[in-house]
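K.L.:
Could you have a look at this structure, given as structure tokens, before my questions?
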Amino acid sequence: ASVSLATTVTFYDADRGANLIQITPDANASDVVWDLELDSRLSYYFTPSTGQCKEIAMPVGVLRPTWLSNATFLGRKRVNGRDCLAYTKADFIDYYADATTCEPVSWYFHTMRARFDSVFWAPGLAVPNASWLAPPRYCREEASPEPVAAASKKKLKLE
């Protein structure tokens, strides 16, 4: 399997019931995919540069701050040169947090077979524009012919 690199920025706001993930492919910075997850149990995958959007019903909604409850502790592991506490949950994710600060270090999503590493952590950093936590109008006006999530998966080759 081949993998293309991308920079992913996440704005998690449990109080507002939203999680915004912006995925910028390193090969084409104008082709940013936005993944907006809401407590309404709807997620929107959209690409502002093309106006494509796909609404997806998600049974979970935005992860709560206590999402690691009932996870299996895997012990301490060295990840990206850092001493980490490792957890796995529901054959879904392996999560690594710095053993001293508890900052997120890495996530591995089982079904996607994709790993995401933290290179910068800024707790409390707010989304630059609160309007980003609502789906754009074109997401409600028409569905894209091909789901943006599938298109982004092809472009990022996370198969």
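K.L.:
Test each condition in (1) hydroxyl-bearing (Ser, Thr, Tyr); (2) under 15 Å from the mean Cα position of the chain (by Cα); (3) loosely packed, with under 15 Cβ neighbours inside 10 Å for TYR44 and report the one that comes out false.
P.N.:
With (1) hydroxyl-bearing (Ser, Thr, Tyr); (2) under 15 Å from the mean Cα position of the chain (by Cα); (3) loosely packed, with under 15 Cβ neighbours inside 10 Å applied to TYR44, the lone miss is (3).
K.L.:
Moving to a separate point now. Among the numbered criteria (1) crowded, with 20+ Cβ neighbours inside 10 Å; (2) in contact with a Cys (Cβ under 9 Å, 6 or more places away or on another chain); (3) of a type in the set (D, E, K, R), which single criterion is violated by GLU37?
P.N.:
(2)
K.L.:
Only one of ASP117, ASP83 is at pLDDT 95 or above, surrounded by fewer than 15 Cβ atoms within 10 Å (Cβ to Cβ) and not aromatic (Phe, Trp, Tyr); which? Before you say what the answer is, go through the steps one by one.
P.N.:
On the way: ASP117 fails: at pLDDT 95 or above.
From the options ASP117, ASP83, the qualifying one is ASP83.
K.L.:
Being touching a residue at least 60 places away in the same chain (Cβ under 8 Å) and under 11 Å from the mean Cα position of the chain (by Cα) is the filter here, so list the residues in the range 1-13 that pass it. Quick ask: steps written out before the conclusion?
P.N.:
Kept after step one, since they are touching a residue at least 60 places away in the same chain (Cβ under 8 Å), are these residues of the range 1-13: 1-4, 6, 8, 11, 13.
Matches in the range 1-13: THR8, PHE11.
K.L.:
Assuming SER4 fulfils every condition listed in (1) closer than 30 Å to ALA134 by Cβ; (2) surrounded by fewer than 14 Cβ atoms within 10 Å (Cβ to Cβ); (3) out of contact with any helix residue (DSSP H, G or I) (no Cβ under 8 Å at 6 or more places or on another chain); (4) not aliphatic (A, V, I, L, M) apart from one, which condition is it?
P.N.:
(3)
K.L.:
Enumerate the pairs (first residue in the range 53-74 and surrounded by 11 or more Cβ atoms within 10 Å (Cβ to Cβ); second residue anywhere and assigned to a loop (DSSP other than H, G, I, E, B)) with beta-carbon separation below 6 Å, excluding pairs fewer than 6 apart on the same chain, so at least 6 apart or on different chains.
P.N.:
Here the result reads CYS53/SER144; LYS54/SER144; LYS54/PRO147; MET58/ARG41; GLY61/ASP39; GLY61/ARG41; VAL62/GLY17; VAL62/ASP39, each pair linking the range 53-74 to a residue that is assigned to a loop (DSSP other than H, G, I, E, B).
K.L.:
Pick from PRO48, PRO65, PRO104, PRO59: which is closer than 17 Å to THR10 by Cα and modelled with pLDDT under 90?
P.N.:
Details: PRO48 fails: modelled with pLDDT under 90; PRO104 fails: modelled with pLDDT under 90; PRO59 fails: closer than 17 Å to THR10 by Cα.
Every option except PRO65 fails the conditions.
K.L.:
Mind checking which residues of the range 14-30 are in contact (Cβ under 8 Å) with a residue 24 or more places away in the chain, closer than 20 Å to GLU55 by Cβ and surrounded by 15 or more Cβ atoms within 10 Å (Cβ to Cβ)?
P.N.:
Listed by number, the residues that qualify are ARG16, ALA18, ASN19, LEU20, ILE23.
K.L.:
Still on this structure: Listed residues VAL32, VAL62; which is of a type outside the set (Phe, Trp, Tyr), closer than 22 Å to SER4 by Cα and under 18 Å from the mean Cα position of the chain (by Cα)? Talk me through it step by step, then tell me what you get.
P.N.:
Details: VAL62 fails: closer than 22 Å to SER4 by Cα.
Of the residues listed, the single one that is of a type outside the set (Phe, Trp, Tyr), closer than 22 Å to SER4 by Cα and under 18 Å from the mean Cα position of the chain (by Cα) is VAL32.
K.L.:
Can you name every residue in the range 29-70 that is closer than 11 Å to ALA18 by Cβ, part of a loop (DSSP other than H, G, I, E, B) and among the acidic types (Asp, Glu)?
P.N.:
ASP39
The values are calculated or read from the model by the stated rules, or taken from the named source; none is laboratory data. Please read all numbers here as calculations on a predicted model, not as lab measurements. As a convention, Cβ positions derive from the backbone with ideal geometry for all residues, glycine included, and neighbour counts pool all protein chains shown.
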